[in-house]
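Okay, so here's the structure we're looking at.
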Amino acid sequence: MLLVIISYLFYALFDVRFAVLLAGLSIAIYFIGQAISNSPRAYWLATIGVALNLSVLFIFKYANFFLDSLHSILAPSNLTNPPVGLNLLLPIGISFYTFQGISYIVGIYRKKVLPASFLDLMLYLAFFPKLIAGPFVSPKQFFDELHHLPGRLSGSDQTAAFRLLLSGLVKKVLIADSLASLAQVAYRAAAQPGHPAFPTLLFIQGFYLYAIEIYADFSGYTDLARGSALLLGFRLPENFRQPYLSATPAEFWNRWHMSLTAWFREYLFFPMSRSLLTRTKQRWSRQIQIGVNMLTMILIGLWHGANWTFVVWGAWHGLLVSIERLTGWKPQKGWQTFLSTLITFHLVGIGWVLFNSANFSAAVRFFAGMISINNLYWLPDFLPPLLLAGALMVGLDLIEKGSLHFPARIQQVGFITAVVVLTGLTILAMVRGSDVHPFIYGNF
Amino acid sequence: MLSALFNLTLGVLLGFLLLEGVLRSNSQLLLRGMALPAPIDAPISNRQYDVYYSDADEIFWRPDLFHPIPAGQNKLEAHVDYQTDEFGFRNTPPIPTKVDLVVLGRSISLGAQQPSPWPELFANRMNWKVWNLSQPGSGMDTKLDYLRRYALPRRPSWVVVEVQPAIDISQLEPSPSWLISSLPVQVLQYFLKPFFSPASFDPVPPIYPLKVDLPGRSIQLTCCLHYLEMQTVDAKTWQASQDWTFFSGYMNTLVAEARKQGTCVAILYAPSKPEIYFPLAINPDQLKPTLYGVVPLRLGQDGSLIADSEITPNVEELQKNALAGRNLLINYSRQQGVGLIDPSQAFTQSVLDGADPFMVYDSHWNETGHELVAKVAAQFFRDNPCR
């Protein structure tokens, strides 16, 4: 009960209306969930439940996007009554809790989850560590954790929790906000209309720094979510596993935002593939796999944001994975893996340019800027933040992976170093004024 | 215990080192007033702010010297809207490939509190490509650093160095080598300022704005204490001081490095309010209240300028020393063969004509001041082509 109240208070701090919407949706999901169990109309009730969640998401997040797109298609035909847009605030975290709502309803329908009590369900949807930006948790796992909370946190769990919190702060405050945020300069440059001749290195720096920024920001947030959840006795799933060490695009999606990939795999890719394969009697299995894969990736792109750049970003990844599947590419030797990892990183980076650009023109200008030859002598100005952010991120990744082990003494020194830097940056931010970057994924 | 202490010390040192590295990598994290390795405004951004009388820098530093401004009289003095370039300097991006003129200045040439600073007006007037590398608090060492890092790679025809004698040739201390060393002062100022101000230690009655009679008109004068203190120093004392040695050393290096590349150098003398208004005051007694809180400077044995409360400041001396800094620059420019852009006559004439070139409560130039400087600079470059 207390956790539910705290979670709702936390959410209400952003906007009370958000909390009201979530509460209303939770009530509807609760009653649908109760009704599904042992009902002859379970399929239709589940469909209504899924549709309800998707509708809420669509109305708040995508309605204006589709209306604007429709308007731009109809505009040349001089329609006198263009569709009117909705003036709705986008509730923070809506992309996460609506999908969690779908997980719950489908779980009950598939008889993998028993209908939960109202408070348990409210907590599942609103649990504050994961409310804003995940990770996604299966309802079964969450309710199991909830009903088996330890009375007292073990020493090792406390240490692990504080380690996650510190790691999250270092990634978010030091790497994402203080160093890698310089990536945005390149995107602002690309957003300038016309073809202004900005330095090539500005865009090259932006290309690599944004890859670091989004990774540090999102994985930092996840660490904070997991650390704070662990302090309360909950083990939220890992969401990142050194994604930039992926040797292929498909492997990247097994290491990046793993809970989202798992969700789409569980609730879209597998059911749709199976259904189509059954209907076609396995005749076009490869085409179906690729087609469903493309659709899944496009929807993953759309899930990230209501803009055609996100859709194309998703399609880009769908294309990469499809090519990988078609060619059956799998690096065998060490140097192949290394080269493949390097190429994969850059292919993912190309996607990030689409992901973060305001529109396609800006993305094209960004790429054009990268391959132009302009003012290369500015290298000493553009290199330091990239090297520092990159080194810190690689170091943290190696520590998380377990490739780097340090004795307790070095760990203590590292802890103090991190605290000093974070304190310094926090004081600077406080004195400089409010300039904290919102979590990138918090906008979803 | 020793081991824990060692770990703590090492951790703290490494933390400071890492913090220093982060601040050097991204100057946007810095506070204004800290050492500036680079501009702190975000690159390629749009900035906007409004300036009211009550926002003035003079009021910020010594609010106790000013009568409260009635709400109805607190006018909007300027609306400032500007862009920053790829490095955060105040220029419309992108930086041109070939630049005719680079300006190395402080907040005045930056265009603090003004929508159109003189470099922009000059560029429009002359159709030159001007790159403004001015930053608030940019001392001679920073200007030299900017020359090397930013200006010279662009191979400009001219470099103009803004010199405000009261600040650029006074109590000059090179920027600290470590950025984090200036952090404690800034932070303490931020937290203690609401509770302590100079008035807490040295209370003076409010005196500004002060009515001063000039030939043909009267003005409401406001002055910054620091400029008045520097005006207690005559040219001879100034030239004998370490401050001048520091300044001329940096200036010589700057000129030599620019010339090595074929770039011509000119100094822009940036007059302050008391330097222009004090000599024009008909009745010196009207200026006496400005001496509240002014501690005259004298030459110490080691060549530094020392504040000496035993000396009583007097208005006549301040009037006499008004152009001491300017005269030093005239001599320097003649000796070194460096051009001098001197708007003091234009400023004086403008004041006598009833158009003040300074902001009302602030120490910076206003629109008139920047226009005058742009005009004088244009005339200078027409008369002195770079060979």
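One table, with the values for the structure above:
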read-out: For B:38-48, mean number of other protein chain Cβ atoms within 10 Å; value: 3
read-out: Accessible-area value, B:D100, 1.4 Å probe, nucleic acids and ligands omitted, Å²; value: 40
read-out: Magnitude of the charge dipole, the protein assembly as shown, Cβ model with Lys/Arg +1 and Asp/Glu -1, debye to 20; value: 4040
read-out: Sites excluded, trypsin sites (Lys or Arg not before Pro) in DSSP loops with at most 16 other C-beta within 10 Å, longest stretch of chain A; value: A:334-444
read-out: Anchor B:K75: aspartates and glutamates whose Cα lies under 17 Å away (excluding residues fewer than 8 positions away in-chain); value: B:D50, B:D55, B:D57, B:E58, B:D356, B:D362, B:E367
read-out: Choice from A:F207, A:F406, A:F142 with maximal GNM fluctuation in chain A (Cα, 10 Å cutoff); value: A:F406
read-out: Hydrodynamic radius (Kirkwood) for chain A, which is based on Cα pairs only, to one decimal in Å; value: 23.8
read-out: Kirkwood hydrodynamic radius (C-alpha pairs) into Stokes-Einstein, segment B:254-368, 37 °C and 0.692 mPa s, D in µm²/s; value: 198
read-out: Among B:I276, A:N356, B:T253 - extreme Cα towards positive end, dipole of the protein assembly as shown, charges at beta-carbon; value: A:N356
read-out: Of A:Y104, A:Y11, A:Y377, the one that fluctuates the most in a GNM where chain A has Cα springs shorter than 10 Å; value: A:Y377
read-out: Kyte-Doolittle mean at least 0.0 and Cα axial length at least 20 Å: DSSP H helices in chain A; value: A:16-36, A:42-57, A:94-109, A:155-169, A:200-231, A:285-304, A:308-327, A:334-356, A:379-401, A:408-432
read-out: Kirkwood Rh and Cα Rg combined as Rg over Rh, evaluated for segment A:132-283; value: 1.10
read-out: Heavy-atom SASA rank of B:E316, A:E324 (probe 1.4 Å, accessible area, largest first); value: B:E316, A:E324
read-out: Calculated on alpha-carbon atoms, Rg and Dmax of the protein assembly as shown in Å; value: 32.5, 106
read-out: Spacing of the two label points (7 Å from each Cα toward its C-beta) at A:I373 and B:N252, in nm; value: 4.2
read-out: Chain B: DSSP helices with Cα axial extent of at least 30 Å and average Kyte-Doolittle hydropathy no lower than -0.5; value: B:2-25
read-out: Loop trypsin sites (Lys or Arg not before Pro), segment B:54-161, which have at most 14 other Cβ atoms in a 10 Å radius of their Cβ (DSSP); value: B:K75, B:K98
read-out: Unit charges at the beta carbon, dipole of chain A: most positive-side option, A:T341, A:V419, A:W263; value: A:W263
read-out: For residues of A:366-375, the mean tally of beta carbons on other chains within 10 Å; value: 1
read-out: Rounded D (µm²/s) - segment A:348-428, Kirkwood Rh over Cα pairs, Stokes-Einstein at 10 °C, 1.306 mPa s; value: 97
read-out: Per-residue [θ]222 nm for chain A (sum of -39500 (n - 2.57) over DSSP H runs n ≥ 4, rounded to 500); value: -22000 deg cm²/dmol
read-out: For chain B, calculated [θ]222 nm from helices alone, where every DSSP H run of n ≥ 4 adds -39500 (n - 2.57); value: -11000 deg cm²/dmol
read-out: Cross-link reach list, lysines versus B:K143, counting only Cα pairs under 26 Å and skipping chain neighbours closer than eight places; value: B:K98, B:K129, B:K236, B:K260, B:K273, B:K375
read-out: Cross-link reach list, lysines versus A:K112, counting only Cα pairs under 29 Å and skipping chain neighbours closer than eight places; value: A:K130, A:K140, A:K281
read-out: Debye intensity ratio in log₁₀ form over the Cα atoms of segment A:222-345, taken at each q of 0.11, 0.13, 0.15, 0.19 Å⁻¹; value: -0.47, -0.64, -0.81, -1.11
read-out: Rounded to the nearest 10 Å², the accessible area of B:H67 at probe 1.4 Å; value: 80
read-out: Peptide A:181-187 - average C-beta neighbours from other chains (10 Å radius); value: 4
read-out: Chymotrypsin sites (Phe, Trp or Tyr not before Pro) lying in DSSP loop within segment A:249-322, provided at most 13 other Cβ fall within 10 Å; value: A:W284
read-out: Mean Cα-pair separation over length for chain B, i.e. relative contact order, pairs under 8 Å, 6 or more apart, %; value: 18
read-out: Residue-level accessible surface for A:T327, protein heavy atoms, 1.4 Å, Å²; value: 100
read-out: Among B:N26, B:F16, B:Q186 - extreme Cα towards positive end, dipole of chain B, charges at beta-carbon; value: B:N26
read-out: Protein-only accessible surface order, largest first, of A:Y30, A:Y62 at 1.4 Å; value: A:Y30, A:Y62
read-out: Chain B, Rg to Rh (Cα coordinates; Rh as Kirkwood inverse mean 1/r); value: 0.97
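The values are calculated or read from the model by the stated rules, or taken from the named source; none is laboratory data. The shown structure was predicted, so the numbers you read here are calculated from the model rather than taken from an experiment. Don't worry about glycine lacking a Cβ; one is built from the backbone with ideal geometry, like all the others, and counts go over all protein chains shown. In case anyone asks, the SASA skips ligands and DNA or RNA and just uses the protein heavy atoms, side chains included. Shrake-Rupley method; radii C 1.70, N 1.55, O 1.52, S 1.80 Å.
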